[in-house]
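Only one structure is covered here, and it is reproduced in the block below.
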Amino acid sequence: MSKLCDVIVVGGGIGGLAAALAINDTGKSVAVFEQAPEFGEVGAGLQLAPNALEVLDRLGVKEELLKYAVFPKRLVLKDVYTGKEVATLDLGEGFQKEFGQPYIVVHRSDLHRVLYEACQKRDNIQFFTNSRIQTAEQDASSATILLENGDKYTADAVIGADGVKSNIRKLFIEDEPVNSAYVAYRGTIPIEEVPNDITRDDVVMWIGPNLHLVQYPVRSGKLFNLVVVFKSYDATVEDWGTPDEMFKRFEGSHPQVQTMLKFINRQFKWQMYDRNPIENWSKGNITLLGDAAHAMLQYLAQGGVQALEDAWCLKEQLEEKDNYEEAFKEYEKIRVPRATMVQRSARKWGEVIHAEDPVLIMVRDALFERHKPTDYHVVDFLYGIFKKDKASVK
Ligand SMILES: Cc1cc2nc3c(=O)[nH]c(=O)nc-3n(C[C@H](O)[C@H](O)[C@H](O)COP(=O)(O)OP(=O)(O)OC[C@H]3O[C@@H](n4cnc5c(N)ncnc54)[C@H](O)[C@@H]3O)c2cc1C
């Protein structure tokens, strides 16, 4: 079979497109296969920490994205009942100096579009839609994807960036997504509809037992993003996580929270699954990237960010190594420990913010209170990954 291109990317989400761009930067031709009728993203917000911005900067798309971004002043944790600020992180000048990049919030489709447009400008990135990939296979010198309609395409290598329900992942392990029993209702509303007493300045996470609500503006402040998250009373039934359950979970919450819950019918529901970490996601000329490799709960806002880190690492390894197999093995060696740590930390952070035991909550909040908003050590393990590179460049 004749070769379609150098590298096939399965999945045109944020991870797949970032990978396409990064791989193309090494001079390789790429084809992206997406199951949906068109390339796009869901209507909700995305927090992007400095480790994401550094990759976007290196990929040459940061400036374009910043046109649609909002720069929040602080990350704030608030008690869902009293509204008391229990912890804050200042995102001002000191933060940007510490990490060399800002913290921004954007609409997902803005990031997706900026990546897609950057890919479209390249001569040698092809796009295929309505193309659901069933699996991939390889021999010594090539890798072939098999579409559900029976078509086949061959390249030198295949990257599985096909999300939490990845088909390509099945080549490495027969595992299933892990049901967290938490559900998210998310979406955006026009900023004019947001009552004036609700701040537009910060990323606010209202926290309480078995629940939280995140709010922040996106699209240059024109839209307001809401994410309502709670634990279902019974995550075994098909429709688990209903609006009725939500109102029950949030009983007694702060009036501002109650106001935002009223937008539930404008939001879409997302039952939340992650994956257990795996140690092996590369074999020969096939590897995984993003949620396909390391789907995580969104509590640290790092799932998409980690996909971007993957893309950059892949590019570096493809530049350094002579062949795909070696590059993918080294990529896996570098990325597995990092992604595993973030996956596990996200689960742990969920336990912390969703704590039910009043004593635990008291201890947690007392510890939070001791934290200074400008003490960035607590987030260094996540956001600080490129600090060494930057120091060596100086
Ligand atoms: C409520 C919520 C909030 C979040 N907030 C943040 C945040 O603030 N910051 C952050 O960094 N991350 C966040 N995340 C995580 C982030 O959304 C994901 O980690 C990120 O979208 C993963 O990107 P991906 O490209 O790997 O996978 P996906 O976005 O899932 O993309 C996979 C693509 O592959 C396609 N596909 C799937 N199967 C096939 C197939 N068989 N053949 C062809 N195509 C296929 C899909 O249609 C899709 O386009 C959040 C997640 C949730 C649920």
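The values are calculated or read from the model by the stated rules, or taken from the named source; none is laboratory data. Small disclaimer: the values here were computed from a predicted structure and weren't measured. Cβ placement follows ideal geometry from the backbone for every residue including glycine, while neighbour counts extend to all protein chains displayed. Note: areas computed on protein heavy atoms with side chains; ligands, DNA, RNA excluded. Shrake-Rupley method; radii C 1.70, N 1.55, O 1.52, S 1.80 Å.
For (1) under 25 Å from ALA293 (Cα atoms); (2) polar (S, T, N, Q); (3) at pLDDT 95 or above, each residue gets a yes or a no:
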| site | (1), (2), (3) |
| --- | --- |
| LYS348 | yes, no, yes |
| GLU356 | no, no, yes |
| THR374 | no, yes, yes |
| PHE381 | yes, no, yes |
| ILE385 | yes, no, yes |
| ASP389 | yes, no, no |
| LYS394 | no, no, no |
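Only residues that are more than 17 Å from LYS283 (Cα to Cα), of a type outside the set (Asp, Glu) and open to solvent by 20 Å² or more (accessible area, probe 1.4 Å) were counted in the stretch 119-156, giving 16.
Taking the options GLU38, GLU34, GLU98, GLU93, name whichever one is more than 21 Å from ALA295 (Cβ to Cβ), of a type in the set (Asp, Glu) and within 14 Å of the ligand (Cβ to nearest atom). The conditions single out GLU38. Take TYR185 and decide whether it is part of a strand (DSSP E or B) and either aromatic (Phe, Trp, Tyr) or closer than 30 Å to ASP79 by Cβ (or both). For TYR185, the condition - part of a strand (DSSP E or B) and either aromatic (Phe, Trp, Tyr) or closer than 30 Å to ASP79 by Cβ (or both) - is met.
Looking only at the stretch 144-163, filter to residues that are touching a strand residue (DSSP E or B) at 6+ places or on another chain (Cβ under 6 Å) and among the charged types (D, E, K, R); which one of those is nearest to the ligand (Cβ to nearest atom)? Step by step, filter the stretch 144-163, then rank; the result is ASP162.
Consider the stretch 217-242 and keep the residues that are farther than 20 Å from THR199 by Cα and within 16 Å of the ligand (Cβ to nearest atom). The one that is most open to solvent (accessible area, probe 1.4 Å) is LYS231.
Could you identify the single residue in ARG169, ARG200, ARG186 that is open to solvent by less than 20 Å² (accessible area, probe 1.4 Å) and either under 20 Å from the mean Cα position of the chain (by Cα) or away from the ligand (no atom under 16 Å from the Cβ) (or both)?
Answer to the selection: ARG169.
Entry remark, the stretch 301-324: residues being among the hydroxyl-bearing types (Ser, Thr, Tyr) and either open to solvent by less than 10 Å² (accessible area, probe 1.4 Å) or under 19 Å from the mean Cα position of the chain (by Cα) (or both) number 0 in total. In the stretch 178-205, the residues that are hydroxyl-bearing (Ser, Thr, Tyr) form Cβ pairs under 8 Å with partners that are assigned to a strand (DSSP E or B) and open to solvent by 40 Å² or more (accessible area, probe 1.4 Å), at six or more places apart or across chains, as follows: SER180/TYR273; TYR182/LYS231; TYR185/PHE268; TYR185/LYS269; TYR185/TRP270. Looking at LYS222, LYS231, just one residue is basic (Lys, Arg) and closer than 26 Å to ARG364 by Cβ, and that residue is LYS231.
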